[in-house]
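Here's the structure we're looking at; comments come further down.
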Ligand SMILES: *Cc1c(COP(=O)(O)O)cnc(C)c1O
């Protein structure tokens, strides 16, 4: 019986929406509802027709599974429809505007994809002999040169697999440098507006995380920072531009102070697209900075990966960089794989192989197709677009910090006060309007935060429509004569308001046939 109908899309008691009649199937036009793939399975139904295997001698020593493995039995069209239907429910950057802040969800040019799929790059294996992958090694080398030039830094570790992994790399290099000097330092300073990965990285490396408060203008409190410095401080982890979308104006001073105290300066460079081609971290006194290739240099991300987080390093930290890395000599390109010779001080390896090759190809394609002038324009357009949104909304949504922002515009919920409508409600209503919501409730230093990052790749028309939508929603919240409107949103999505707390506290991660739990 289950197979005849889809499932209820509207939770009990979600409010009467007379404009949305139920359908017999549960489908809403192109928005299809079907049972779970496990519920669709019929024992014995099969999508392939293979010959009986010839008598083969089992080599598993009696360990072969005897029972069923619990996968549903389905025809090929059933499987195909299941996954195509799911993919159509997925909001993506290829479908619409994706204003998530601190994520840089920008267009991924198709030339990147074409380059990444070229057989000479797409079909190689990390265990191939070096002589057969000279072109791939040259590509990694050239990308590394671009990154060093753009950042004004002398060295780069290419293997980290994402931003957070890059932070781990940088902090491990800092720890190795302190250990080489025979110093034991136990504390890392992190501003309270930091991305959660910063304190997590410091803690993972065994450091005590010491939080530095923010000033009223959204930057790190320099006096509080100075007061916290001491001989036990290994370094500071600072994001610039920070997660409030603001440039840390005191950055040179911060670098000098931490260096004078014998510590290192880790700069979280995830927001590098705001300063690309305009400012070089090497000129700011930075010792280590990860660059999220999957943010600044396009390359698709989301759903957990893949990412790529190369880390540029100062002269002080370069000797401790992880292996492997590409070296160019008279015989061509080779990989420095072992902790010996020039790499004798390396802290070791972060990954089995050499990094995310597919991401390297896409990032270099992005750089080469923009050229030096185009890369500079990326930062200019990203900042211009964010400020266009800031100015377009600031009379209806309060901005907690005055003045020009960098690549993202930050609003708080003070103009929603007493309306009964929260940041979350606005986000849910945005879904009905066809937008992925902006980042909500982050950074934590701002009440009811709404963080919007348009990126450089959107048109003025897209930004105007977004501004118009947000003005409409805030206006609707403030005129206040339709309180159910927000509480019942989203109406048109495949799923509506979910029990997010229940899902987090009591997750049901395994499907079991009814009555067998
Ligand atoms: C995205 C981001 C990170 C983490 O990068 P991942 O690739 O997701 O691990 C760290 N810091 C900031 C400021 C970020 O925006």
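The values are calculated or read from the model by the stated rules, or taken from the named source; none is laboratory data. Computed from a predicted model, the values in this text were never measured in an experiment. Every residue, glycine as well, gets a Cβ built from its backbone with ideal geometry; the counts of neighbours run over all protein chains shown.
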For residue 483, indicate whether it is out of contact with any strand residue (DSSP E or B) (no Cβ under 8 Å at 6 or more places or on another chain) and buried (at least 17 other Cβ atoms within 10 Å of the Cβ). no
Tell me which residues, restricted to segment 147-161, are within 13 Å of the ligand (Cβ to nearest atom) and buried (at least 24 other Cβ atoms within 10 Å of the Cβ). 160
If residue 154 satisfies every condition in (1) in the same structural domain as residue 276 (by TED's automatic domain parsing); (2) farther than 17 Å from residue 300 by Cβ; (3) touching a strand residue (DSSP E or B) at 6+ places or on another chain (Cβ under 6 Å) but one, which is the exception? (3)
Residue 104 meets each of (1) more than 16 Å from the ligand (Cβ to nearest atom); (2) in contact (Cβ under 8 Å) with a residue 24 or more places away in the chain; (3) in a loop (DSSP other than H, G, I, E, B) with one exception, condition (1)
Residue 475 meets each of (1) under 32 Å from the mean Cα position of the chain (by Cα); (2) under 26 Å from residue 32 (Cα atoms); (3) touching a residue at least 40 places away in the same chain (Cβ under 8 Å) with one exception, condition (2)
Could we say that residue 347 is within 13 Å of the ligand (Cβ to nearest atom) and crowded, with 18+ Cβ neighbours inside 10 Å here? no
Test of understanding: among 173, 164, 144, which residue is closer than 30 Å to residue 364 by Cα, away from the ligand (no atom under 16 Å from the Cβ) and touching a helix residue (DSSP H, G or I) at 6+ places or on another chain (Cβ under 7 Å)? 173
Residues located in segment 251-269, provided they are surrounded by fewer than 24 Cβ atoms within 10 Å (Cβ to Cβ) and either touching a strand residue (DSSP E or B) at 6+ places or on another chain (Cβ under 9 Å) or not assigned by TED's automatic domain parsing to the domain that holds residue 221 (or both): 251, 255, 257, 259, 261, 262
For segment 107-117, which residues satisfy the criterion of being free of Cβ contacts under 8 Å to residues at least 12 places away in the same chain and in a loop (DSSP other than H, G, I, E, B)? 117
(1) within 14 Å of the ligand (Cβ to nearest atom); (2) in a loop (DSSP other than H, G, I, E, B): which one isn't true of residue 198, the others all being true? (2)
Among the residues listed as 219, 215, the single one being assigned by TED's automatic domain parsing to the domain that holds residue 309, within 16 Å of the ligand (Cβ to nearest atom) and free of Cβ contacts under 8 Å to residues at least 40 places away in the same chain: 219
Any residue at all in segment 446-460 that's surrounded by fewer than 20 Cβ atoms within 10 Å (Cβ to Cβ) and within 26 Å of residue 190 (Cα to Cα)? yes
Which condition number does residue 322 fail, the rest of (1) over 17 Å from residue 151 (Cα atoms); (2) out of contact with any helix residue (DSSP H, G or I) (no Cβ under 9 Å at 6 or more places or on another chain); (3) touching a residue at least 60 places away in the same chain (Cβ under 8 Å) being met? (2)
Residues that are surrounded by fewer than 16 Cβ atoms within 10 Å (Cβ to Cβ) and at pLDDT below 95, at least 2 per element: which strands (runs of 3 or more DSSP E) completely within segment 270-334 meet that? none
Determine, yes or no, whether residue 360 is out of contact with any strand residue (DSSP E or B) (no Cβ under 9 Å at 6 or more places or on another chain), assigned by TED's automatic domain parsing to the domain that holds residue 271 and part of a helix (DSSP H, G or I). yes
Qualifying positions in segment 366-389 - surrounded by fewer than 21 Cβ atoms within 10 Å (Cβ to Cβ) and either more than 21 Å from residue 300 (Cβ to Cβ) or without any contact (Cβ under 8 Å) to a residue 60 or more places away in the chain (or both): 368, 370, 371, 372, 373, 374, 376, 377, 380, 384, 387, 388
